[in-house]
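The values are calculated or read from the model by the stated rules, or taken from the named source; none is laboratory data. Note that the structure is a prediction, hence the values are computed from the model and not measured. Note that each Cβ is placed from the backbone with ideal geometry, even for glycine, and that neighbours are counted across all protein chains shown. What goes into the accessible areas is simple: the full protein's heavy atoms, side chains included, and nothing from ligands, DNA or RNA. Shrake-Rupley method; radii C 1.70, N 1.55, O 1.52, S 1.80 Å.
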Amino acid sequence: RPINRVWHMAYVATVTIRLPDIFPSFPYQWQVDDFWYGQVERMVGATVAAGTTSIYGYEIWNEPQWTWNPAWGNFDEMWARTYRLIRSIDPSTPIIGPSHDRDYEAGMRQFLTTAIASGTVPDITSWHELGTDRGVDVEGRVTSYRALERELGIAPRPISINEYGS
């Protein structure tokens, strides 16, 4: 007679804290530097104070190729300053980025080169697979990204493709 077994799998949900979602609209509307850095300090501080262990990481920005307005300043400088602020409050929770949209490859080399120079390379590399003119190609883009890591001397990072579809 067969034995009925019940298998229980433990699932652990994790949360990405997408920092620019503090803004009241999308696409984001920059308030001023003091607002941004004050809110980042508040959000990260509250996360640390809560003592939760379910945070996947802090995502500094979302789709900077089209949601960051150069009139607000230099994106890479904002990234580096925000990265350092997070690390001053929370030295261990991963930082996710750059979260480029459809054509992430166009800006990834420049972003990573600048992040290497400033010591602010994300712990988890993120981009979106939203169907460029070549279509969704996760395997091909991961292969290309891994080659870029090797070329730039970056240790392999976890990859978060946190938006996808075509």
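Tabulated data for the structure shown
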quantity: Potential lengthening between residue 113 and residue 41 on full extension [0.36 nm per residue; Cα-Cα distance subtracted]; calculated: 23.3 nm
quantity: Cα-derived Rg to Rh of the range 54-152, Kirkwood definition; calculated: 0.96
quantity: Spacing of the two label points (7 Å from each Cα toward its C-beta) at residue 138 and residue 74, in nm; calculated: 3.6
quantity: Evaluated over the chain, the Cα radius of gyration and Dmax, each in Å; calculated: 17.9, 73
quantity: Share antiparallel - DSSP beta bridges, the chain, percent rounded to 5; calculated: 5
quantity: Length released on extending from residue 13 to residue 65, taking residue separation times 0.36 nm less the Cα-Cα span; calculated: 15.8 nm
quantity: Linear extension gain, residue 84 paired with residue 25, 0.36 nm per residue minus alpha-carbon span; calculated: 18.7 nm
quantity: Under DSSP loop assignment and at most 14 Cβ neighbours within 10 Å, longest chymotrypsin sites (Phe, Trp or Tyr not before Pro)-free interval of the chain; calculated: 12-166
quantity: Solvent-accessible area per residue, Å², over the chain with all protein chains present [probe radius 1.4 Å]; calculated: 57
